[in-house]
Structures are given as C-alpha cells and as structure tokens.
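To start, the structure itself, in structure tokens.
The values are calculated or read from the model by the stated rules, or taken from the named source; none is laboratory data. These numbers were taken from a predicted model, which means no experiment stands behind them. Virtual Cβ from ideal backbone geometry, glycine too; neighbours counted across all protein chains shown. Ligands, DNA and RNA are stripped out before the accessible areas are found, and what is left, the full protein with its side chains, is counted by its heavy atoms. Shrake-Rupley method; radii C 1.70, N 1.55, O 1.52, S 1.80 Å.
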Amino acid sequence: MAHQRSGDDVTAAKLDRLHAQLADAVADLVTGEDWTRALAFAARFRSRSFNNTLLIWMQHAAAFEQGRVSAPTPTYVAGFRQWLRLGRSVDRGQPGYMILAPVVRRFASRTPQVAESWRMLAPREAPQRGEAVQSRLVGVRPAYVWDASQTSGAPIPEEPRPRLLEGEAPPGMWDGLATLVRARGYSLRLVDSDRDLGGANGMTDYLTRSVAVRGDIDPAARVKTLAHELAHVELHGPDHPEASLHRGIGEVEAESVALMIGAAHGLDTSSYTIPYVATWATSVEGKTPVEVVQATGERVRSTAVAILSQLHTAQVGAGDPPGLSRQSAQGRPWERSLDASPHTGSHRRHVARSTTAGPVL
C-alpha cells in the first residue's frame, strides 16, 4: 500500500535538493573567470543573497537549454504575487526557480540581556507590558520566483542604463567613493605613478590610515582602484579583527567588491583579476572550499551593496522589476527574499536561533 508523503517530508526533500544544487553551483566556480562571471551576474541581482543568485543563475541556464526561456540570462525576477501586483501573470506551464526563503519569528523578553529569557511569540501574540521584542531568523523554506520572460501582461518599463565610453568613469563615482573613504577616517591622495606604490595601482596603510591611488591611469581604472581600496578599509585592517579568519583571501574580497561596484555602474568587468578559486578557497582552516566560497561571496555582496547604497550615482537595477517596492526590507536582510508562490505552503526547516539577524537568503 502506498503512503502519501506529508507536507513536511515534501518540504524537506525540496530543501535537500536545493542545498545539493547550491553545492554543485558553488563547486562549478573553478577558475577566476568563473568567479568573475558569477559576481558580475550577482551585481545585477544584488538584492538577492549570493546563494539565491547562484540558484537563479543555474536554473535559468537550464531553462534556456530546454527552450523554456528565450534569453541565456534573466532580466528581472519576482514572486508569483509580486508579478500579479505589477499587472503580469506567470505563463501556463512555466515552473518557477526554487530559492531559499526566510522564516522569521518574533521573540520577547523582560530581561533581554539574558539569552535564555527570550521566548517565541505566537503569530498574532502581543508582547506583555515591559517586554522587549526582537525578530530572528529561525529557519528557511523553499519559495519560487519567475523571470520576466516567463510572464505576460502589462509592459515592463525600461530602466535607464549607464553608458560609458572606454576608460571613462561613471559620473560622481570617484567623489562618492572618496567621501566614503574619508568618512572612515582615512586620508586620500593621488600619486604620480606606480613607482610611488611599489608597482601597485593603489595602497591602503592601516597604520597611517591613508589610501593612495595612481593618478596616471585612466578615470575608469582610478575608480576601480579606489573601490578596491575602500573594500580593504571596510573589510580588513585593525578595525576588523574578524578579518584574520579570512587570511589569504583579502585581495580576493577587495577585488570582488570592486568588481561588483563596477558592474553595477556598467563598467567592463573583464579587466578585474581574481586568482584561481581552487587556490584561495582552500586557505581557511576548518572550512571546506564550498563553505569558503559561499561565505566569501556573501561578504563581498553585502559589502558591495552597502557601498552602492551610499553612492548617488546611476546604477543598473538590482534584479527587481521596475515598480516593485521592497523598502520594508531595508535593514532587515532576511526579508529580502521574494514572495513564495501559492504552491509552496508554510513548511520550513529550522536552524539554530540567534539573538542577531540571520544570514541573507
């Protein structure tokens, strides 16, 4: 006699499949060129986590190979209900791309400094008088998104795209990056040539809290270099003791952040140089290469997004269809996942609770 699988079993199987697909996608990032292409793609879908970006990339490529979509790369992705709100509907027979969506719950405590005192509130339960309330990521569940090419309906407005001549820097990008460097307490200067920097295009000195960039290279190269040095300021040095956990991949992180910032401004990413992935992905003791790549990708993405959000420059879209507002997700990274389709249900896989915001999904 056949037994029908429970909803929890089905969800668990979907999550197992998602994690297996994600591990395969990460393992496929073998060369520096592979990593560069993945980050350039992630720059255009930077409202998604690095993991979900890879899942969308891989599933769309498979859909293109099967002839279900007309272009090799997606344009905009959104959830089933989100497309409906924009006047479009998913075409019949078009399966969505499965991603990881967050499960967030509210916790309350009268003594928030005591970790054991927090209790989970029921969905509509009000906290008691005097209780502090905190939202936490408690698990993940499968959800679905669809590319614009899988939908029909109201026209999607065209967003303006930055157009740059070779060697030209995006308007306002240098000034914006320079402002951020100085806001971190670092001085900034241009030097005559690479001879002043030991052959490098740029240099960050943590002891003197200074950044130097070559002044004899074209404007595009200068802003790329400044973005690289700003990434060092944001991620490394004595202000960031956790950077010691990432020893050996600091340059990878800095160049990767610069790549994503450049890609978001329409700069050519072919000039960015990332070492062979198999070299730096094995440099963190106690972590598998897949874990290192995932963690590095998310650190790069979140740092690049934070910098981009502070630049008043023309940038390519972040992967959301024009007209879709998700402002409520700002500052609450677990909410940046898209709506689940009506078919996903509310089942979930729980993860360890934390008193801080969970990872972006």
Is it the case that some residue within segment 242-254 is open to solvent by 40 Å² or more (accessible area, probe 1.4 Å), in contact (Cβ under 8 Å) with a residue 24 or more places away in the chain and of a type in the set (K, R)? yes
Among the residues of segment 109-140, how many are open to solvent by 20 Å² or more (accessible area, probe 1.4 Å) and closer than 30 Å to L15 by Cβ? 12
Mind checking whether some residue in segment 320-334 is touching a strand residue (DSSP E or B) at 6+ places or on another chain (Cβ under 7 Å), at pLDDT below 80 and part of a helix (DSSP H, G or I)? yes
Only one of R141, R106, R136 is assigned to a strand (DSSP E or B), on the phi < 0 side of the Ramachandran plot, touching a helix residue (DSSP H, G or I) at 6+ places or on another chain (Cβ under 8 Å) and of a type in the set (D, E, K, R); which? R141
Is segment 177-188 home to any residue that is touching a Lys or Arg at 6+ places or on another chain (Cβ under 9 Å), open to solvent by 50 Å² or more (accessible area, probe 1.4 Å), assigned to a strand (DSSP E or B) and touching a residue at least 60 places away in the same chain (Cβ under 8 Å)? no
Tally time: how many residues in segment 148-199 are more than 30 Å from F80 (Cβ to Cβ) and either in contact with a Cys (Cβ under 9 Å, 6 or more places away or on another chain) or β-branched (V, I, T) (or both)? 3
Here is a list: G79, G87. Which entry is of a type outside the set (S, T, N, Q), touching a Gly at 6+ places or on another chain (Cβ under 9 Å) and buried (at least 16 other Cβ atoms within 10 Å of the Cβ)? G79
Per the list (1) open to solvent by less than 20 Å² (accessible area, probe 1.4 Å); (2) among the hydroxyl-bearing types (S, T, Y); (3) in a helix (DSSP H, G or I), residue check on Y272 breaks on (3)
Number of the condition not met by R106 [criteria: (1) within 30 Å of H60 (Cα to Cα); (2) open to solvent by 50 Å² or more (accessible area, probe 1.4 Å)]: (1)
